[in-house]
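In what follows, a single structure is set out as structure tokens and then discussed.
The values are calculated or read from the model by the stated rules, or taken from the named source; none is laboratory data. Keep in mind it's a predicted model, so treat the numbers as computed, not measured. Don't worry about glycine lacking a Cβ; one is built from the backbone with ideal geometry, like all the others, and counts go over all protein chains shown. Calculation scope for accessible area: heavy atoms of the full protein, side chains included, ligands and nucleic acids excluded. Shrake-Rupley method; radii C 1.70, N 1.55, O 1.52, S 1.80 Å.
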Amino acid sequence: MKSNREAFERAKQVLVGGVNSPVRAFRAVGREPIFIAAGRGSRVWDIEGREYVDFVGAWGPMILGHADPDVVEAVQSAAENSFSFGMPTEAETELAEEIRKAFPSIEKVRFVNSGTEATMAALRLARGFTGRNKILKFAGCYHGHSDGLLVRAGSGATTLGVPDSAGVPGTFASETLLARYNDLEDVDRILEEYERELAAVIVEPVAGNMGVIPPAEGFLEGLRSRCDEAGAVLIFDEVMTGFRVARGGAQERFGVRPDLTCLGKIIGGGLPVGAYGGKKEIMEFLSPEGPVYQAGTNSGNPIAMAAGLATVRKLRPGVYETLENLGSALESLLASRFAGEGIVQRVGSMLTLFFPKDEVLFERGVRNYDDVARVDAERYGRFFHAAVRRGALLPPSAYEAFFLSVAHSSEELERLIGE
Ligand code: KE4
């Protein structure tokens, strides 16, 4: 039997860093990655035969648990009719109809293959629709790896983005403005200077990529009114929160309607699917109706559509009650086990355990990316390794979210806090 270490050595010969997405290299927790052989329900098994309760859930998609029988069956029967045609199929229409039912703000949909594609195309569409170039994002929010979104605040308090990755030209980054999450005054500072140049504001309505940070009271409403005022497109990146924090995502849970929504993860049921959609008058700027181009060989792939359809059709209201109860139970377990040492931030069935280095965070929580710099990643690493020893698999980074599924039982949550 091969060990994780041997598999990793072999992978590194042909895959950059031995992985196909950086976080999977487990560098933040200082060990070789865990190579997964199989998953079923709430469990995954690594290639050494070790079993784990899975709190990563493929970073969000596996809300029904692994290998849900109905999803497996849907994929198998779709596969018997071949895998891809490069022609329309009715499955795409059906999944788009399910999305529209769940998200009243979405009048028209376009499927792509990842969250990155969805946000990249939504921003191009917003720029085409408004004829403006600047976009505003929030430090610590992640919207995939397209050039204009891999930026961080320039040196000092400057607002213009500078590349956060090699290979991104400064000119691309300079069209991206940055503000502090949950801080409308910071947004106003930027609008004073750039209001008329602003094509779009893109935001994770619940931040999940700097650990889980819920929107402060009035934050999303404030973005809505400011975009109306500025004539800018409000884009909710619900790749993580869509069908997660409610069937209709954060926009249902918090009652704020964006102009465009980006989706991914759960709508593919674990297969590669992204989508963007929203107001008809904006979406119809998109080719073939309008002048904004976007295309894709695998867009609306029938197997991926089958997995997504089978998944979202099982996400009925009772499921969200189950997920809310599981989330609340895990929050209480962690909050009492780590009282005085850690704080839990949660929305529904996505949550993060932070270990603050700074007392003030215990009072006011972790509200933005500046606060995140004041949590103890090394302490999280120790928690991660203890969980692995107890047969629980957590995100190998302090700045991610734990995800629960309907397959998790309340007893399994205990694995995170055993001695
Ligand atoms: P993908 O291109 O990875 O499908 O989606 C990018 C994306 C866009 N928007 C949000 C809010 C996201 O969370 C993501 C991707 N999430 C990360 C997990 N934090 C994916 C994991 C990874 O990069 O390996």
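Structure summary
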read-out: Qualifying position, being under 22 Å from the mean Cα position of the chain (by Cα) and free of Cβ contacts under 8 Å to residues at least 60 places away in the same chain, among 147, 237, 186; value: 147
read-out: Any hit, the stretch 321-341, residues being open to solvent by less than 30 Å² (accessible area, probe 1.4 Å) and over 22 Å from residue 64 (Cα atoms); value: yes
read-out: Of all residues making up the stretch 1-48, the number that are touching a strand residue (DSSP E or B) at 6+ places or on another chain (Cβ under 8 Å) and of a type outside the set (A, V, I, L, M, F, W, C); value: 7
read-out: Members of the stretch 60-75 that are over 16 Å from residue 327 (Cβ atoms) and open to solvent by less than 50 Å² (accessible area, probe 1.4 Å); value: 61, 66, 67, 68, 71, 74, 75
read-out: Any chance residue 42 is touching a residue at least 40 places away in the same chain (Cβ under 8 Å), more than 16 Å from the ligand (Cβ to nearest atom) and under 27 Å from residue 399 (Cβ atoms); value: yes
read-out: Residues within the stretch 377-406 that are under 20 Å from the mean Cα position of the chain (by Cα) and either more than 16 Å from the ligand (Cβ to nearest atom) or open to solvent by less than 20 Å² (accessible area, probe 1.4 Å) (or both), tallied; value: 12
read-out: Sole exception among (1) surrounded by 23 or more Cβ atoms within 10 Å (Cβ to Cβ); (2) away from the ligand (no atom under 11 Å from the Cβ) for residue 107, by number; value: (1)
read-out: Leading residue by the ranking (nearest to residue 208 (Cα to Cα)) among those in the stretch 76-87 that are in contact with a Pro (Cβ under 8 Å, 6 or more places away or on another chain) and open to solvent by 60 Å² or more (accessible area, probe 1.4 Å); value: 83
read-out: Residue check for residue 196: more than 16 Å from the ligand (Cβ to nearest atom) and either farther than 19 Å from residue 262 by Cβ or modelled with pLDDT under 95 (or both); value: yes
read-out: Test: residue 250 is modelled with pLDDT of 95 or more, within 12 Å of the ligand (Cβ to nearest atom) and part of a helix (DSSP H, G or I); value: yes
